[in-house]
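Structure record follows, encoded as structure tokens.
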Amino acid sequence: MGALAHLKVLDLSRVLAGPWASQLLADLGAEVIKIERPGSGDDTRHWGPPWLPDGTGAPTSDAAYFLCANRNKRSLTVDMTKPAGQAILRELAADADVVLENFKVGGLLPYGLDYASLAALNPKLVYCSITGFGQDGPYAPRAGYDFLIQGMGGLMSITGRADGEEGAGPQKVGVALTDILTGLYACSAVLAALAHRDRDGFRSGDGQHIDLALLDVQIACLANQAANYLVSGQSPQRLGNAHPNIVPYEDFPTADGRMILAIGNDGQFARFAALAGHTEWASDARYADNAARVQHRDSLLPLLRQVTATKTTSEWIALLEAAAVPCGPINEIGAVFADPQVRHRGLRVDLPHAAGGSAPTVANPIRFSQTPVDYRFAPPTLGQDSEAILRALGRSGEEIARLRREGVV
């Protein structure tokens, strides 16, 4: 039994931010019912190739993208534009602990599935709305997308090669990081709202509405870069793989590629200097402490690059790890999953899939001592659980068949 096995989640979200939050809740034991459009489902089912293969190796209609955020959920197809579909969703919401949705502001109001309507049915409900810009403000009506928010929220301005370098220019992060971070914030907010509701016993208090915006999350996660601006009044600039506040903390050339040096204190730098055959660096006033190294990075970094290029990546890692100097390779994703530490930690999880064969997924990184994550089932096929869920609501076989004929489910 997972830590959240007592909770029921109605997931009206799609694509990534909302599904990321609901998958985390599901991994922690919650029952999650994913609502999808009949005939098409979540948009990410179609964001391929690559496609999940079935038991014979033939491609299914589900893209790999869909697999990343929909494990441990049950799929129910419902057309919420139809009154009969709205009735099904309201019935599910009446007994749910959480509703997650990422429609545009006011998008669910015409269907009676907005917070006020569902809270009237179930005052205990925690209702989390994820939008691009929040429920209010001049941008509230706009649609929000991760790439757009990475640009608007400043992340791209500090990501990429510095001006004047080859390949300079703003870059987005290689995954939809704003969506992922928003999903994590959403899960934290939901758990906090549930803890508040249940502080005197399960369902002892009222739920509440959570207003979560991608733009707000992106700006909150600028972290030290936002603090640097707020303190100095100067907008941080792109530095490639370099760090604005720590030197040396970036990638360096080796005899057969590149490696990362992540030197976080002066003792580590002194040990690196000794291994590099330049003990004088550690006593040089320009480089002896981090503040000086940040100020004089332009003269120090070329010296380091000359030295690091004399040995292979593996030779440097062996030397530096033995001296407790933080370093590492720059792995392609294939090498990541072949890494002995990654294999030992079991970060690939293969789950039997309804289409035959298995669905590879990435393990949840949370490790509990008492309530471990339970990989109950693979991401579902479209509408895989519709009949079972509807029967649990008391619908007969004849009623379900009629709902299918009418395109409700």
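The values are calculated or read from the model by the stated rules, or taken from the named source; none is laboratory data. No experiment lies behind these values; they were computed from the predicted model shown. Virtual Cβ from ideal backbone geometry, glycine too; neighbours counted across all protein chains shown. The accessibility values were calculated without ligands, DNA or RNA, using every heavy atom of the protein model including side chains. Shrake-Rupley method; radii C 1.70, N 1.55, O 1.52, S 1.80 Å.
Can you give me the convex hull volume of the Cα atoms of the stretch 81-148, divided per residue and expressed in Å³? Present the calculation step by step, with values, prior to reporting the outcome.
Working: hull volume 6.2 nm³, N = 68.
So the per-residue Cα hull volume is 92 Å³.
In the stretch 131-289, the C-alpha radius of gyration followed by the widest Cα-Cα span (Dmax) gives 21.6, 67 angstrom.
Match the structure shown to one of the listed values [x] 47, 25, 20; [y] 39, 20, 19; [z] 62, 28, 21 of semi-axes √(5λ) of the Cα gyration tensor in Å, computed from it, and give that label. Answer label, from the structure shown: [x].
The reciprocal of the average 1/r between distinct C-alpha atoms defines the Kirkwood hydrodynamic radius, which for the stretch 78-197 equals 16.7 Å. Across all directions, the average flat footprint of the convex hull enclosing the Cα atoms of the stretch 43-82 is 3.7 nm². Would you please classify the overall shape of the stretch 156-227 from the alpha carbon gyration tensor, given that a ≥ b ≥ c denote the square roots of the eigenvalues, rounded means a/c under 1.5, and beyond that prolate means a/b larger than b/c while oblate covers the rest? The shape class here is prolate. Of all DSSP-defined beta bridges confined to the chain, some 40% are antiparallel rather than parallel. Under a model in which nothing but the beta-carbon of Lys, Arg (+1) and Asp, Glu (-1) is charged, the stretch 30-177 shows a dipole of about 220 debye around its Cα centre. Per residue, the accessible area of the stretch 12-133 comes to 33 Å², computed with a 1.4 Å probe over protein heavy atoms only.
Shape descriptor for the stretch 111-161: Rg over Rh equals 1.19 (Cα atoms; Rh from the Kirkwood inverse mean 1/r).
Summing -39500 (n - 2.57) over the DSSP H runs of n ≥ 4 in the chain and dividing by its residue number, what mean residue ellipticity at 222 nm do you reach, to the nearest 500 deg cm²/dmol?
Details: 17 runs with 148 residues, N = 409.
So the helix-based figure for the chain works out to -10000 deg cm²/dmol.
Rank Pro302, Pro141, Pro236 by mean-square fluctuation in a GNM of the chain with C-alpha springs under 10 angstrom and give only the top-ranked residue. Taking springs between Cα atoms under 10 Å, the residue moving most is Pro302. Using +1 at the Cβ of each Lys and Arg and -1 at the Cβ of each Asp and Glu in the stretch 1-63, identify which of Gly18, Thr44, Ala58 lies farthest towards the dipole's positive end. Of the listed residues, the answer is Gly18.
Of the residues Phe368, Phe66, Phe103, the one that moves most in a GNM of the chain with alpha-carbon contacts below 10 Å is Phe368.
Computed 3J(HN,Hα) for the stretch 41-47, one whole-Hz value per residue from the Karplus formula 6.51 cos²θ - 1.76 cosθ + 1.60 where θ = phi - 60°, is x, 4, 3, 6, 4, 9, 8, glycine and proline marked x. Of the complete DSSP H runs in the chain, those spanning 20 angstrom or more by Cα along the long axis with a mean Kyte-Doolittle score not below -0.5 are 177-197. Taking amide H positions as modeled 1.01 Å from N, with prolines and chain starts lacking one, the residues under 5 Å from Val32 and 5 or more places away or on another chain are Val9, Arg74. Stokes-Einstein diffusion for the stretch 294-371 at 20 °C, viscosity 1.002 mPa s, with a Kirkwood radius from C-alpha pairs, works out to 129 µm²/s.
Measuring against 24 Å, Cα to Cα, the residue pairs Lys82/Lys124; Lys172/Lys311; Lys34/Lys124; Lys34/Lys82; Lys82/Lys104 contain Lys82/Lys124; Lys172/Lys311 as the ones spanning a longer distance.
Working with all protein chains in place, sort Glu36, Glu166, Glu332, Glu321 by solvent-accessible area computed with a 1.4 Å probe, largest first.
Result, largest first: Glu166, Glu332, Glu321, Glu36.
Considering only Pro83, Pro170, Pro340, the Gaussian network model of the chain with Cα springs below 10 Å gives its largest mean-square fluctuation to Pro340. Backbone amide hydrogens, once placed in the peptide plane, bring Asp385 within less than 5 Å of Ser75, excluding anything fewer than 5 places away on its chain. Which percent of the accessible heavy-atom area of the chain goes to carbon and sulfur, probe 1.4 angstrom? Carbon and sulfur together cover 56 percent of it.
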